[in-house]
Amino acid sequence: MPTIFIENEFRFFFYSNENNDPAHVHVVKGGANGKIWLSPKMEVTYLHGFSSSEAKEIESIISVNIDLLIKK
């Protein structure tokens with residue numbers, strides 16, 4: 001599971017064997033984890049264990065970095 005980047009202790013990564021899924025990214029911090037679709041539009045699949053402020057921060061980080069995330 002290659003890490004794309006880490007920001008504010010959130011680790012954004014992907015699994016290299018999910019070839020049939022649309023572009024998406026996984027995020028973890030501590031024991032919390034999530035999955036966010038990047039295309040055709042950004043959409044949270046799930047965010048387990050994150051506070052609402054962390055969820056907003058994750059969405060903001062992804063919005064700023066969406067081109068990089070899709071490219072990776």
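Values for this structure:
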{"quantity": "Checklist (1) in contact with a strand residue (DSSP E or B) (Cβ under 8 Å, 6 or more places away or on another chain); (2) surrounded by 11 or more Cβ atoms within 10 Å (Cβ to Cβ) applied to Lys56, failing item", "calculated": "(1)"}
{"quantity": "Residue satisfying all of: in the stretch 12-37; part of a loop (DSSP other than H, G, I, E, B) and modelled with pLDDT of 95 or more; surrounded by the fewest Cβ atoms within 10 Å (Cβ to Cβ) among these", "calculated": "Gly31"}
{"quantity": "First in the stretch 36-48 and within 10 Å of Pro22 (Cα to Cα), second anywhere and basic (Lys, Arg), Cβ under 8 Å, 6 or more apart", "calculated": "none"}
{"quantity": "Candidate set from the stretch 38-53 (those that are among the polar types (S, T, N, Q) and assigned to a loop (DSSP other than H, G, I, E, B)); member that is surrounded by the most Cβ atoms within 10 Å (Cβ to Cβ)", "calculated": "Ser39"}
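The values are calculated or read from the model by the stated rules, or taken from the named source; none is laboratory data. All of these numbers come straight from a predicted model, not from anything done at the bench. Cβ sites come from the backbone with ideal geometry, for glycine too, and all protein chains shown count toward neighbours.
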